[in-house]
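S.K.: This is the structure I have questions about; it appears just below.
The values are calculated or read from the model by the stated rules, or taken from the named source; none is laboratory data. Fair warning: this is a prediction, and the values are worked out from it, not measured in the lab. Cβ placement follows ideal geometry from the backbone for every residue including glycine, while neighbour counts extend to all protein chains displayed.
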């Protein structure tokens, strides 16, 4: 196993390397990304590259127990379509792609999966995937982790100086400065250009957990919130270190969990071994 690359990235491996690694891999991580506007501050693939980098770094720390599958670059980003360049999937498309990816990897002998994420808009589709895919695939384990949920609230309050934050703001821009400074448009950094009711709208609905149909263009003219001009790589690393420490604790708990605990996520037929490990094709209708 020592000759295998670290981290184990499927895109960087040959099939003989995958075959050699398979016996030691306990979990496959599949990053779920997004191509969406982040104002004038950062690139359209901000959420994708942050998620990829955090997942690769996680796999490196747990080498060779974690294999990173190719990232799904597109996600659910309809509420950013008011700005050029954003690409979004339909929910059913995203679910089908996730199912096909997992089914392919199950075919190759992998049965435990973790979806990693950095984009809030992906969460509903990922939740549906966790509720539905185990009914059709013989998965031993399927979970999802949004890295931003591991941020520290007190540290965020210290870094964020603006009344609004959460997208192309001083915190997210700082995190990208730390991980992928090549994606930060340092000559174009600007605070969010919120309309007179923009802040009030976010406070009234989003921060009170009321979800409504909206587009970012409804309340920010440049697609950003917060103030990215205040971002520093040092602040980004401070938060990244917290995220990674908490991610390590969670992954250790998953990898060390007993099989019967992990099996609780499977539907009873898979759990009891009453069904084949490979889903049976549907029967043709009788004439």
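S.K.: In the set 95, 44, which member is closer than 25 Å to residue 180 by Cα, free of Cβ contacts under 8 Å to residues at least 60 places away in the same chain and either out of contact with any strand residue (DSSP E or B) (no Cβ under 7 Å at 6 or more places or on another chain) or assigned to a loop (DSSP other than H, G, I, E, B) (or both)?
M.R.: Unique residue meeting the criteria: 44.
S.K.: Specify which of the listed residues (247, 228, 190) is touching a helix residue (DSSP H, G or I) at 6+ places or on another chain (Cβ under 8 Å), modelled with pLDDT of 95 or more and over 29 Å from residue 58 (Cβ atoms).
M.R.: None of the others qualify; the one that does is 190.
So that you can scan it fast, the table gives a plain yes or no per residue for (1) modelled with pLDDT of 95 or more; (2) buried (at least 16 other Cβ atoms within 10 Å of the Cβ); (3) over 17 Å from the mean Cα position of the chain (by Cα):
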| residue | (1), (2), (3) |
| --- | --- |
| 67 | yes, yes, no |
| 71 | yes, yes, no |
| 81 | yes, yes, yes |
| 88 | yes, yes, no |
| 102 | yes, yes, no |
| 119 | yes, yes, no |
| 127 | yes, no, no |
| 130 | no, yes, no |
| 148 | yes, yes, no |
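S.K.: Checking residue 50 against (1) under 28 Å from residue 248 (Cβ atoms); (2) in contact with a strand residue (DSSP E or B) (Cβ under 9 Å, 6 or more places away or on another chain), which test does it fail?
M.R.: Failing condition for residue 50: (2).
S.K.: On to the next question. Given the condition part of a loop (DSSP other than H, G, I, E, B), modelled with pLDDT of 95 or more and over 30 Å from residue 262 (Cα atoms), answer yes or no: does some residue in segment 168-176 qualify?
M.R.: Within segment 168-176, one or more residues are part of a loop (DSSP other than H, G, I, E, B), modelled with pLDDT of 95 or more and over 30 Å from residue 262 (Cα atoms).
S.K.: Just to be sure, is residue 11 crowded, with 23+ Cβ neighbours inside 10 Å and at pLDDT 95 or above?
M.R.: Spelling it out, it is not the case that residue 11 is crowded, with 23+ Cβ neighbours inside 10 Å and at pLDDT 95 or above.
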